1. Tell me, what is the FRET efficiency for His160 and Val21 to the nearest 0.05, using R0 = 22 angstrom and their Cβ-Cβ distance as r?
2. Measure off 7 Å from each Cα along the Cα-to-Cβ vector at Glu228 and Glu240, then give the distance between these two points in nanometres to one decimal.
3. Can you tell me the accessible area per residue over the stretch 99-233, all protein chains present, probe 1.4 angstrom, in square angstrom?
Amino acid sequence: MAVAGFAPAALGAQAGDVHYVRSVQFDFEVPERMAAFRDRLAAQNTASMVLRFDGARSIMMPDPDEEAAAPRGGARDSDRMDRRALGMALRLRMGSASRSDQEDVVQAYVDFGSGAMTETREFMGRTFLIAGDRPAYAWKLGTEQREFLGYMVQQATAVHDGSEIEAWFTLQIPVQAGPGQYGGLPGLVLVLSVDGGDLLYSATEVNLDGPGDVAIAPPTDGEMVTREEYEALVAEKLEEIRATRGAGNRRRPFDGGLR
C-alpha cells in the first residue's frame with residue numbers, strides 16, 4: 001500500500017527523545033592483512049545520535065552524553081592503536097570519491113507542519129547550513145510487524161534518488177519523526193536502513209518525558225547555501241577526486257600502506 005502525506009493534526013502530541021546508533025559502511029575494502037584494524041576502522045564510522053521531538057517538530061544531533069559515557073584512560077598500546085586506526089580512517093576517507101565517506105549530517109531540523117528542513121552538514125572539512133524541504137518519500141507500508149525496544153514496529157519501504165530505504169516505525173508513538181531527513185510516516189521511526197545497511201540507524205533508547213531543556217529549533221552553524229548550491233559543490237568535488245586519484249570504482253581495494 002502506497003502512503004501519501006499524513007496530516008500532522010491527526011497525530012498525537014507526544015514529546016520525547018530517542019537515541020540511535022548510526023553506522024555508515026566504508027565505501028572501500030580493507031585488506032585482510034589489516035584485519036587487526038578492521039573493527040577499529042569501522043568504529044570511526046559509528047556515532048551516537050539523539051532525536052528530540054514534540055508534536056510539531058524534531059531535531060537530530062550528536063548525542064551529548066556520548067563523550068561523557070566514553071571510557072577514559074586505558075592501556076597505552078590500545079590508545080596507540082586507536083590513534084593509528086583513526087589516522088588511517090582519515091587517510092582512506094580523504095582518498096575516497098564516495099559521498100558517504102566525505103559527508104556527515106551533523107544536525108537535522110524538521111517542521112512537521114510545513115515540511116521545512118534545516119541541516120548542518122560537514123563535507124570535506126567544511127560546514128554547511130542548508131535550508132529547504134524534507135524529501136517527500138513515497139512510502140509503501142508492508143504487512144510485517146515485529147517487536148523492538150518494547151514497541152510494535154511496522155515495515156515501510158521507499159525508493160528515493162536511486163536509494164532503497166527500509167524503515168521500521170511504531171504507531172504507539174504517533175509522530176512523523178525519524179533520524180536525519182527520514183520520516184513522514186504515521187509513527188516514530190526506530191530503525192532505518194539505506195541500500196541494505198550502507199547507512200543504518202538503530203534506536204537504543206526511547207524516552208517519552210519530553211525533550212528536556214534542549215530547544216527544538218533550526219541549527220545556525222555553517223556556511224549558508226541552498227540545496228542546489230550544495231549538491232552542485234558535492235558533485236564537483238567528488239568528480240575532482242575521481243579525476244586526480246582514479247577513485248571512480250565503488251568499494252575499491254586499498255592496500256593501507258601500513259608500516
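1. Details: r = 23 Å, r/R0 = 1.02.
Efficiency at R0 = 22 Å is approximately 0.45.
2. The modelled label-to-label distance comes out at 2.2 nm.
3. Working: 6090 Å² over 135 residues.
Computed with neighbouring chains in place, this is 45 Å² per residue.
The values are calculated or read from the model by the stated rules, or taken from the named source; none is laboratory data. Please read these numbers as outputs of a predicted model, since none were measured by experiment. When we count neighbours, we look across all protein chains shown, and the Cβ atoms used for this are built from the backbone with ideal geometry, even at glycine. These accessible areas exclude ligands, DNA and RNA; they are computed on the full protein's heavy atoms, side chains included. Shrake-Rupley method; radii C 1.70, N 1.55, O 1.52, S 1.80 Å.
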